[in-house]
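A.B. asks: Would you mind keeping the following structure in view while I ask a few things?
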Amino acid sequence: MPSFDILLAGIVNGLAAGAVYVLVAVGLTLIYGVLHIVNFAHGSLLMLAMYATYFLFAKAGVDPYAALPVVAGGAFALGYVLYRGVVGRFAHGKDENILLITLGLSIVIDNLALFLFTGDTQTIDVAHAQRMVEFGPLFLPRAKVIAFAAALAICAALGLWMARSDTGKAIRAVAKERQGARLVGIDVDHVFAVSYGIGIACLGAAACLLMPSFYVSPSSGHAFVLIAFTTVVLGGMGSFPGALAGGFAIGVIESLGGLLLGEQLGQIGISLAFILVLLLRPTGLFGARR
Amino acid sequence: MAEPGAPILEVRGLRAGYGAVEVLRGVDLELRAGEVVALLGSNGAGKSTLNNNLSGIYRPFAGSIRFLGEEIAGAPPTRIVEAGLVHVPEGRRVFPDLTVRENLELGSYRRGRAARARNLERVASIFPRLGERARQAAGTLSGGEQQMLAIGRGLMGEPRLLILDEPSLGLSPLLVEEMFALVGRLNADGLCVLLVEQNVVQSLAIAHRAYVLEHGAIALSGPAAELARDPALRRSYLGL
């Protein structure tokens, strides 16, 4: 058994990693909760956003944290257009269409990335992000601390906006009652596209928080999308607090699993937790019973 | 406010339906300022089809719908709501996960936003129950309360014409009484109402005029008091 300090470090590291999972999962769960679309293109779009962050740094020297609003904004626009032009147009209602469209989209994006950026992994070296910060007995790289704080702040801002703004209320309204929404003059297709856009904007933000400590290659979205799907199922499909709790839980489980079982077996903890939740509480931790 | 008697809604030769099925075969209907007009008809006569075409949920096949002089046939619901035609649908269609207050706020999503705070107070004074339950999720309300909420949400958009689609459906007799009294009060304050109902006697009691829809066409129309005495209507709807 490792010492308390090491366990504590494992938990803190897990929470830091979990914060970014939360961000990725919030986007996924928002898109599912509002549009009933399981977005299989999520990982590929995250990878695109990571490349955007990479190129902004490597070619234009833009700090990834400074790039966050730009990448998130660009991701929102891309998501909005993708929904209006492709996903919404073909996916409407039918599960098999949704699968084909979003999975197809991900294959196209992955291969375009492979063609344009080659399969090499790229990293950026953000010196200030590598500096260690002291937290009591712990030392954490600054990148992780920033990622943790920023992801939480973004989730809080998004939650507040969803609760207070008219557009946020409209998003929650169309999730359950489209006809009623139309009758109060809500442009339902626009709100759908905005929801998809916000889901993708979360990926843009996550990409900027990830890049200082992670690498990007055309396949790097996959690792995250699997974790994100697990997170969302764990927390309850479509549930905002579920994505939050699920993301942190997965981060900690992964980190402690790696600590106790070694890097190779560490990931098994995620699958075990996943199976347990499915067995004991199939709606997820915060899922609504339907 | 339009002067009394000025046309608010003019429907001419409206043909509409679903896919290849024509439900409305040339409907003419008119509503003037200050009026409550009842639209009566049995299930399947085309009442809901008419409403959904008036509010832009469906596009009519042919014909004209003029609202306050503006052609709105085939316009999207966003534009129709913006013009002030608000449809309170059958089945209430409230937002179940949102609170009562949020439901009401969204009633002024497209129209009446500037006067939101004032209208919230007004709706709470019309329906004290909604004021009491402002923070409760709409899905947890009783059927009658949801109906109040649906109407309250409609009023938040400051309608020039309110379409009430089967507002008495599923309500207890006492609540039905209240509902009709409310429609009368709203009208006394100047609101035009198109009241779509199966509840013939009470609708005719508060309406100025009425139309009877049968098999997708207007079978009878005239002042409500006259229709209430019409032998054909009494036979087919009242079993007398």
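The values are calculated or read from the model by the stated rules, or taken from the named source; none is laboratory data. Owing to the predicted nature of the structure, the values given are computational and were not obtained by experimental measurement. When we count neighbours, we look across all protein chains shown, and the Cβ atoms used for this are built from the backbone with ideal geometry, even at glycine.
A.B. asks: Quick one: in the stretch B:108-134, of everything that is buried (at least 18 other Cβ atoms within 10 Å of the Cβ) and farther than 20 Å from residue B:185 by Cα, which residue is farthest from the other protein chains (Cβ to nearest Cβ)?
C.D. replies: Restricting to residues being buried (at least 18 other Cβ atoms within 10 Å of the Cβ) and farther than 20 Å from residue B:185 by Cα, the top hit is B:133.
A.B. asks: Would you be able to tell me the number of residues in the stretch B:52-72 that are closer than 19 Å to residue B:193 by Cα, buried (at least 18 other Cβ atoms within 10 Å of the Cβ) and either more than 10 Å from chain A (Cβ to nearest Cβ) or among the acidic types (Asp, Glu) (or both)?
C.D. replies: The total comes to 5.
A.B. asks: Looking at this structure, is residue A:185 surrounded by 21 or more Cβ atoms within 10 Å (Cβ to Cβ), in contact with a Gly (Cβ under 9 Å, 6 or more places away or on another chain), at pLDDT 95 or above and on the phi > 0 side of the Ramachandran plot? Steps first, answer last, please.
C.D. replies: On the way: surrounded by 21 or more Cβ atoms within 10 Å (Cβ to Cβ): yes; in contact with a Gly (Cβ under 9 Å, 6 or more places away or on another chain): yes; at pLDDT 95 or above: yes; on the phi > 0 side of the Ramachandran plot: yes.
Taking the combined requirement at face value, the residue satisfies it.
A.B. asks: Moving on. For residue B:153, indicate whether it is surrounded by fewer than 23 Cβ atoms within 10 Å (Cβ to Cβ) and either among the hydrophobic types (A, V, I, L, M, F, W, C) or at pLDDT 95 or above (or both). First the steps, then the outcome.
C.D. replies: Numbers: surrounded by fewer than 23 Cβ atoms within 10 Å (Cβ to Cβ): no; either among the hydrophobic types (A, V, I, L, M, F, W, C) or at pLDDT 95 or above (or both): yes.
When the stated conditions are applied, residue B:153 does not pass them.
A.B. asks: Please find, among A:93, A:85, A:79, the residue that is more than 18 Å from residue A:55 (Cα to Cα) and not in a helix (DSSP H, G or I).
C.D. replies: Values: A:85 fails: not in a helix (DSSP H, G or I); A:79 fails: not in a helix (DSSP H, G or I).
Result: A:93 is the single residue among A:93, A:85, A:79 that is more than 18 Å from residue A:55 (Cα to Cα) and not in a helix (DSSP H, G or I).
A.B. asks: If we scan the stretch A:152-169, do we find a residue that is in contact (Cβ under 8 Å) with a residue 24 or more places away in the chain and in contact with a Leu (Cβ under 7 Å, 6 or more places away or on another chain)? Show your work before the answer.
C.D. replies: Kept after step one, since they are in contact (Cβ under 8 Å) with a residue 24 or more places away in the chain, are these residues of the stretch A:152-169: A:152, A:154-155, A:158-159, A:162, A:167.
Imposing the further condition that a residue be in contact with a Leu (Cβ under 7 Å, 6 or more places away or on another chain) reduces the set to A:154-155.
Yes, the stretch A:152-169 contains a residue that is in contact (Cβ under 8 Å) with a residue 24 or more places away in the chain and in contact with a Leu (Cβ under 7 Å, 6 or more places away or on another chain).
A.B. asks: Looking at the stretch A:202-290, what helices (runs of 4 or more DSSP H) fall wholly within it and have at least 3 residues that are of a type in the set (Gly, Ala, Ser) and touching a Gly at 6+ places or on another chain (Cβ under 9 Å)?
C.D. replies: Details: elements: A:220-235, A:240-261, A:263-266, A:268-280.
Passing ranges, in order: A:220-235, A:240-261.
Here is a yes/no grid of residues against (1) more than 14 Å from every other protein chain (Cβ to nearest Cβ); (2) modelled with pLDDT of 95 or more; (3) within 30 Å of residue A:7 (Cβ to Cβ); (4) surrounded by 12 or more Cβ atoms within 10 Å (Cβ to Cβ):
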{"site": "A:120", "(1), (2), (3), (4)": "yes, no, no, no"}
{"site": "A:124", "(1), (2), (3), (4)": "yes, no, no, yes"}
{"site": "A:141", "(1), (2), (3), (4)": "yes, no, yes, yes"}
{"site": "A:154", "(1), (2), (3), (4)": "yes, yes, yes, yes"}
{"site": "A:165", "(1), (2), (3), (4)": "no, yes, no, no"}
{"site": "A:173", "(1), (2), (3), (4)": "no, yes, no, yes"}
{"site": "A:190", "(1), (2), (3), (4)": "no, yes, no, yes"}
{"site": "A:194", "(1), (2), (3), (4)": "no, yes, no, yes"}
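A.B. asks: Of the numbered conditions (1) of a type in the set (A, V, I, L, M, F, W, C); (2) out of contact with any Phe, Trp or Tyr (no Cβ under 6 Å at 6 or more places or on another chain); (3) more than 30 Å from residue A:55 (Cβ to Cβ), residue A:226 fails exactly one; give the number of that condition.
C.D. replies: Unmet condition: (3).
A.B. asks: Taking the options A:199, A:119, name whichever one is assigned to a loop (DSSP other than H, G, I, E, B), out of contact with any Phe, Trp or Tyr (no Cβ under 6 Å at 6 or more places or on another chain) and in contact (Cβ under 8 Å) with a residue 40 or more places away in the chain.
C.D. replies: Numbers: A:199 fails: assigned to a loop (DSSP other than H, G, I, E, B).
From the options A:199, A:119, the qualifying one is A:119.
A.B. asks: Oh, and also: Take the stretch B:172-201 and flag every residue that is of a type in the set (S, T, N, Q), within 15 Å of the chain's Cα centre (by Cα) and either surrounded by fewer than 19 Cβ atoms within 10 Å (Cβ to Cβ) or farther than 21 Å from residue B:223 by Cα (or both). Step through it out loud before you land on a result.
C.D. replies: Initially, the stretch B:172-201 is screened for residues of a type in the set (S, T, N, Q), giving B:172, B:187, B:198-199.
Next, only the ones that are within 15 Å of the chain's Cα centre (by Cα) stay: B:187, B:198-199.
Result: B:198, single match.
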